[in-house]
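Only one structure is covered here, and it is reproduced in the block below.
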Amino acid sequence: METGVTLFGTAQNTTVKDLNFICFGSPRCGTSMVAGAMCGLGINMGDDLPVNVEDPMFNPHVTDMSRSDFLRQIKSTIQNRRNSGAVWGWKFPRAVSYLPAIKDDLPNPRLVIVYRDPVPAVIRAGRGRKQSADFDDISYKSIDECIRTYRRNIELAREWRCPTFLVSYERASQMPETFLQELSEFCGLKMPEDTSSIIDFMKPGSYKNPLDIKI
């Protein structure tokens, strides 16, 4: 049983060091788990990463910059990462909101798009709250926003037609070894001999420190 599907070829179409990997999906859909696995495969996902594995250089929510200044920062960071010669990437759930604006600056983008049943996120948001008409409205809005984001993600993949790996969070979390094998094949990277620290990071339940992953 597979944990995802590859669209438009694999990342092995060119030299690995010339690639960059972008992990996105929707908030609370499992991108942190997937990004941690990418770290474990040896992809540089950023420096001093927080537990959600979101590089601040690619996260507009941790800066007071205008959109234009933020995009300039991203483009500068992309160039610096390219010059480093490392296999690199980043994770931001809503990256689809700015990816079209930086497409021409990306050397060889490879997309890792995570999908998850949107209902559990709504359930978590409703814990400790009384069911009410207001909550019902919030639930419908949250699910609708998630589905619209998923649609935008696949539309971007279809437009760019670069190698893309669609990940099922549910299957990946249930079959982590299979997922890691599929992800390593997509990325064109060797599967680590010891995957125990990656598997531990991927276990559902709480955020974990990506620095604890042994590479």
Within segment 155-172, tally of residues that are within 12 Å of the chain's Cα centre (by Cα) and open to solvent by 60 Å² or more (accessible area, probe 1.4 Å) = 0
Residues in segment 182-215 that are farther than 23 Å from Asp18 by Cβ and surrounded by fewer than 20 Cβ atoms within 10 Å (Cβ to Cβ) total 16
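Results for (1) within 29 Å of Ser196 (Cβ to Cβ); (2) modelled with pLDDT of 90 or more; (3) hydrophobic (A, V, I, L, M, F, W, C), shown as yes or no for each residue.
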| site | (1), (2), (3) |
| --- | --- |
| Thr14 | no, no, no |
| Met33 | yes, yes, yes |
| Gly36 | yes, yes, no |
| Ile43 | yes, yes, yes |
| Glu54 | yes, yes, no |
| Val62 | no, no, yes |
| Lys75 | no, yes, no |
Return yes or no: is Ser142 among the polar types (S, T, N, Q), more than 17 Å from the chain's Cα centre (by Cα) and farther than 15 Å from Ala37 by Cβ?
-> yes
Is it the case that some residue within segment 172-188 is closer than 18 Å to Glu54 by Cα, part of a helix (DSSP H, G or I), touching a Ser or Thr at 6+ places or on another chain (Cβ under 8 Å) and touching a residue at least 24 places away in the same chain (Cβ under 8 Å)?
-> no
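The values are calculated or read from the model by the stated rules, or taken from the named source; none is laboratory data. Since the model is a prediction, treat every value here as computed from it, not as a measurement. Here the Cβ is made from the backbone with ideal geometry for all residues, glycine too, and neighbour counts use every protein chain on show. These area figures cover heavy atoms from the full protein model, side chains too; ligands, DNA and RNA do not enter into them. Shrake-Rupley method; radii C 1.70, N 1.55, O 1.52, S 1.80 Å.
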